[in-house]
Amino acid sequence: MGNNRYKVAVVGATGAVGETMLAILAERQFPAGAVVAIASERSAGMQVAFGDDALVVQDLATFDPAGIDIALFSAGGSISKEYAPKFAEAGAVVIDNSSAFRYDDDVPLVVSEVNPEAARNRPRGIIANPNCSTMQLMPVLAPIHREYGIERVNVATYQSVSGGGRSAMEELGRQTAQLLNFQDIQPAKFPVQIAFNLIPQIDEFQPNGYTKEEMKLVWETQKILGDASIQVNPTAVRVPVFYGHSEAVNVETRRKITPEQARELLRAAPGVEVVDEQRAGGYPTPVTHASGKDPVFVGRIREDFSHPRGLNLWVVADNIRKGAALNAVQIAELLVVEGLEPKTRTA
Ligand code: A2P
């Protein structure tokens, strides 16, 4: 790493993911010589926290990307489509948290523990960060796939509202307070009431009857594990939880894997923590384990007694941290290890 100090931009710095990107850059002491917080004109001039410091938010529309080494984008797909190529043309490596480029063949889709080598091949100067629901599955599925071969995955997600951004969290809080006060609620961000309810729709419906959030799990799993033969059958559900996504996962492997073999494999898997005791509370939940934490937690590991090569798992992670901001910073750390040259050297 030497004395390399990078100029880092966070685009979407006032958002739920952006503010956590800043927090994690500070927490992990990323070798940044300067950090620039960027958002829309609405927030320009406001201050956001970066460790013990405060950064003044810059307006993306008028910001000059010259001199930026690494840009972390989390301001939505349309903003990424318009501005990420401009930052890349100015010489920055863009790490993009939106779905704008994830399925392009010339943009790597990287989970730091699973396919870090893919980050080196970035002809457009853009590296994509996977969707949160795929992200937390990968550190768990990758070792199982490597050792036992995965044929098929059935997954039902229980996704917290923070995945929908700050306005989605505000909507859950507002509706909860209104309903407890016997007031009527008006859904705005979500299609129907989210407080005290579940919504089996995240993102738009596709012609095949699945939602886009569900199809992301299919496309991204195959791309990250580098195996288009893996069958994925997802159902994505929004639940009234603030932070932490959960997933009930059923895996069919080529070679039989026992629960004990799975526990052993997953205990050794980077970024994964096994919490699997058959007693009340001996499993991970979003509130008790995941919220505010880095690892992906796995529990309820058991044989699928309806299938000769089936295994059941319960996978929980903080969707804002490992599901988005942490992985983006870990990709930035891969660039440091790779020896990315900063534009300006400091002694
Ligand atoms: P702003 O606060 O200025 O609107 P979240 O997903 O939590 O809602 O956050 C979205 C992030 O994307 C925010 O930081 C938001 O900034 C930013 N953003 C939204 N629209 C734009 C835009 N047109 N230009 C720059 N940043 C934007």
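The values are calculated or read from the model by the stated rules, or taken from the named source; none is laboratory data. Keep in mind that this is a model prediction, so the values were computed, not measured. Here Cβ is always computed from backbone atoms with ideal geometry, including for glycine, and neighbour counts include all displayed protein chains. What goes into the accessible areas is simple: the full protein's heavy atoms, side chains included, and nothing from ligands, DNA or RNA. Shrake-Rupley method; radii C 1.70, N 1.55, O 1.52, S 1.80 Å.
Of the Cα atoms belonging to the range 133-319, the radius of gyration and Dmax stand at 17.3, 55 Å. Ordering of 93-99, 266-272, 40-46 by packing is 93-99, 266-272, 40-46, highest average first (other Cβ atoms within 10 Å, averaged per residue).
To the nearest µm²/s, what D does Stokes-Einstein give for the chain at 20 °C and 1.002 mPa s, using the Kirkwood radius over alpha carbon pairs as Rh? The diffusion coefficient I find is 103 µm²/s.
How far is the Cα center of the range 246-265 from the Cα center of the range 1-38, in Å? Cα centres, the range 246-265 to the range 1-38: 36 Å. Highest mean packing first, where packing is the average number of other Cβ atoms within 10 Å per residue, the peptides 72-82, 11-21, 142-152 line up as 11-21, 72-82, 142-152. The angle between the Cα long axis of helix 77-89 and the longest principal axis of the Cα atoms of the chain comes to about 50 degrees, rounded to the nearest 10. Peptides 64-71, 191-198, 290-297 ranked from most to least packed by the mean count of surrounding Cβ atoms within 10 Å: 290-297, 64-71, 191-198.
For D304 and N208, the difference between the fully extended length at 0.36 nm per residue and the C-alpha to C-alpha distance is 31.8 nm. With one equal scatterer per alpha carbon and no solvent term, the Debye-computed log10 I(q)/I(0) for the range 127-208 at 0.22 1/Å reads -1.09. Straight-line reach from K216: taking Cα to Cα under 16 Å and skipping same-chain neighbours fewer than 8 places apart, the aspartates and glutamates in range are D96, D104, D105, D203, E204, D227, E247.
What whole number of Å gives the distance from the Cα centroid of the range 109-127 to the Cα centroid of the range 184-226? Going from one Cα centre to the other spans 26 Å.
With a simple spin-label model that places each label point 7 Å from the Cα along the Cα-to-Cβ direction, the separation between N4 and R28 comes to 1.5 nm.
Compared with the alpha-carbon gap, the fully stretched path from N233 to D294 is longer by 19.3 nm at 0.36 nm per residue. Here the range 171-250 exposes an accessible surface that is 55 percent carbon and sulfur, computed with a 1.4 Å probe and the other protein chains kept in place.
For q values of 0.30 Å⁻¹, compute log₁₀ I(q)/I(0) with the Debye formula on a Cα-only model of the range 280-332, without solvent. So the normalised log intensities are -1.05. About its Cα centre, the range 267-347 has a charge dipole of approximately 80 debye under the convention of +1 per Lys or Arg Cβ and -1 per Asp or Glu Cβ, with nothing else charged. Averaging the sequence gap over all C-alpha pairs within less than 8 Å and six or more residues apart, then dividing by the number of residues, gives the range 133-319 a relative contact order of 29 percent.
Distance between the modelled labels on K343 and V56, one decimal in nanometres: 2.0 nm (7 Å Cα→Cβ projection).
Averaged over its residues, the range 133-319 has an accessible area of 46 Å² per residue, based on protein heavy atoms and a 1.4 Å probe.
The ellipsoid that matches the Cα gyration tensor of the range 234-347 has semi-axes, each √(5λ) in whole angstrom, of 32, 18, 13, with the longest given first. Subtracting the Cα-Cα distance of T176 and Q47 from 0.36 nm times their residue separation leaves 43.5 nm of extension gain.
Helix 132-148 axis versus longest C-alpha principal axis of the chain: approximately 60°, rounded to the nearest ten. For the residue pairs K322/K343; K86/K189; K189/K256; K86/K212; K7/K212, alpha carbon separations beyond 32 Å are given by K189/K256; K7/K212. In the range 1-114, the portion of solvent-accessible area held by carbon and sulfur atoms comes to 44 percent [1.4 Å probe, whole percent, DNA, RNA and ligands not counted].
About the centre of its Cα atoms, the range 133-319 shows a dipole size close to 180 debye [charges on the beta carbon of Lys, Arg (+1) and Asp, Glu (-1) only; nearest 20 debye].
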